[in-house]
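*Asks:* One structure follows; several queries about it will come next.
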Amino acid sequence: MATSSDFLTGVIEGFYGTPWTPGERFELFAAMPGWGLNTYLYGPKDDLHHRARWRQTYPPAEAEHLREVIAGCQARGIRFIYALGPGLDIRYSEKGDRLAIQQRFEQLLSLGCRDFCLLFDDIPDQMAPADREHWGSFASAHAGVANEIFRWVRPHAPEGRFIFCPTPYCGRMASRQLGGPNYLATVGRELAPEIEVFWTGPEIISREITVPHLRELQGLLRRKPLLWDNIHANDYDGHRFFCGPYAGRPPEILREVTGILTNPNTEFALNRIPFQTLGAFVRGQGGSWDPRAAYLAAVADWLPKFATTGKPLTAEDLALLGDCYYLPFELGSGAQSLLAQVMHVVSQPPAQWGAAGVELRERVVRLKELCFRLTELVDRSLFAALNRRIWELREEMDLLERFLTHHSDPAQSGQPFQSDFHQARTYRGGLVAQLQRQLVQHADGSFTPRDPADPDSQTARLFLP
Ligand code: GDL
């Protein structure tokens, strides 16, 4: 049941990008019990020893670091799960490679770890001919290796959990037959029943995860999955972060999974609302769930972190800021209505803006000033985590303000607008920005080349060497 300690609720450090510092991890462990989170999984993709150097054990200094992190975690009553990702170049039929996994887990056992995970996500889904000959299929190779390691670990850690992440770990990947035909059914049949299986939902980043979706998966896996939830992950987009509430999953899913672990924003400091609202969701034990109310409650609790050297932020300010960086598929209400107003006003001739133009300008100025006030944050690690993204938002607010001011001035009537602070090539410049303009994505997700008659295409051509 959802509240028992058997139900895993917590955090996966499993993103691409700079791993958290030991200090950040300790801060997390101290706060987790208060939010009702009982599990932490260590698997930062860019810890070299997690993937690239998976065959080598940790050198002594790093091992000691890990020992402290494990002890700090367990001292708070939080389960520490260690994950290894050998899939980039493992030879599944090589006894030596399987032994290397065992040796790594042996080292972790000696550091106090009791819970383990083998990750086969984001790896080539092809095997060497010798591996195919030995195991028959990719799925059998994965299940076979996981079973072997599990059976070795179990006597050393009878109380520990053992988790497996399949190569197709979401509905879309499974329907594309990533890992070969019947991968999940084979894993379901061959993987030891005690081993839990990670799943991210219908997509890598799932807007919604429903009970029927999970039930269908249970049939294939012959067990309830463990959710690896990427709803707040931001490693795929350097311009965004997500501090909206846990949402898009009905409370009834709690009965269909063995736990929910969230793989959040890479920037540790930005995860307060994701963590707190996940805890509240699970603690609700399947009762009604109001994501907006949970968001506003978490905003109020996060506010003290936003102390500044100047005028203090209000909960309303922080809610608006969070609305601008809410969820992957959804802006918060304050950002939604601002965007709607911008779209409405700028699509009209300035002569028709009237009061809507004035009101919009006030909102834009307020948000711009709010962005500026974040430079005064006393907590500089929070500032560092926010700064690049907020700066971009501030630039857009500044541009809009200048645009609205220019066109509201009768003396400028009919004059084209230019900003001295948003010069071509310094603003929205660079290779990535230009590449992004070349393929247009439509509402259904499909892409087409940009219309060559579009004046922006000529601008792009102008920038070519
Ligand atoms: C993934 C990776 C994860 C990454 C996330 C979001 C899983 C199982 N693996 O595919 O490490 O952070 O997407 O980009 O989700």
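The values are calculated or read from the model by the stated rules, or taken from the named source; none is laboratory data. Values in this document were obtained by computation on a predicted structure and should not be read as measured data. All Cβ positions, glycine included, derive from the backbone under ideal geometry; neighbour counts span all protein chains shown.
*Asks:* Pairs, please: C-beta under 8 Å, at least 6 apart or cross-chain, first residue surrounded by 19 or more Cβ atoms within 10 Å (Cβ to Cβ) and in the range 324-343, second of a type in the set (S, T, Y)?
*Replies:* If the second residue must be of a type in the set (S, T, Y), the pairs left are G332/Y295; G332/Y326; A335/Y326.
*Asks:* Return yes or no: is I149 surrounded by 17 or more Cβ atoms within 10 Å (Cβ to Cβ), within 24 Å of Q276 (Cα to Cα) and not acidic (D, E)?
*Replies:* no
*Asks:* Name every residue in the range 50-61 that is away from the ligand (no atom under 16 Å from the Cβ), closer than 21 Å to F26 by Cα and part of a loop (DSSP other than H, G, I, E, B), in order of residue number.
*Replies:* If the condition is that a residue be away from the ligand (no atom under 16 Å from the Cβ), closer than 21 Å to F26 by Cα and part of a loop (DSSP other than H, G, I, E, B), then Y58 is the only one that fits.
*Asks:* Next question, about the same structure. Take P251 and tell me if it is more than 15 Å from the ligand (Cβ to nearest atom), modelled with pLDDT of 95 or more and surrounded by fewer than 24 Cβ atoms within 10 Å (Cβ to Cβ).
*Replies:* yes
*Asks:* On to the next question. Being within 11 Å of the ligand (Cβ to nearest atom), surrounded by fewer than 23 Cβ atoms within 10 Å (Cβ to Cβ) and under 26 Å from D323 (Cα atoms) is true for just one of D235, D229. Which residue is that?
*Replies:* Of D235, D229, the one residue that is within 11 Å of the ligand (Cβ to nearest atom), surrounded by fewer than 23 Cβ atoms within 10 Å (Cβ to Cβ) and under 26 Å from D323 (Cα atoms) is D235.
*Asks:* Which residues, taken from the range 135-185, are touching a residue at least 40 places away in the same chain (Cβ under 8 Å), among the basic types (K, R) and within 20 Å of W228 (Cβ to Cβ)?
*Replies:* R161
Here is a yes/no grid of residues against (1) more than 16 Å from the ligand (Cβ to nearest atom); (2) more than 30 Å from A63 (Cα to Cα); (3) crowded, with 17+ Cβ neighbours inside 10 Å:
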residue	(1), (2), (3)
R176	no, yes, no
N182	yes, yes, no
E194	yes, no, no
G201	no, yes, yes
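A quick yes/no check of all residues on (1) within 29 Å of the chain's Cα centre (by Cα); (2) among the acidic types (D, E); (3) within 16 Å of the ligand (Cβ to nearest atom); (4) in the same structural domain as P193 (by TED's automatic domain parsing):
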position	(1), (2), (3), (4)
R76	yes, no, no, yes
R79	yes, no, no, yes
D97	no, yes, no, yes
R114	yes, no, no, yes
H142	yes, no, yes, yes
V153	no, no, no, yes
E159	no, yes, no, yes
C170	yes, no, yes, yes
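*Asks:* In addition: Can you tell me which residue within the range 255-274, out of those that are surrounded by fewer than 22 Cβ atoms within 10 Å (Cβ to Cβ) and over 17 Å from the mean Cα position of the chain (by Cα), is nearest to L382 (Cα to Cα)?
*Replies:* Step by step, filter the range 255-274, then rank; the result is T258.
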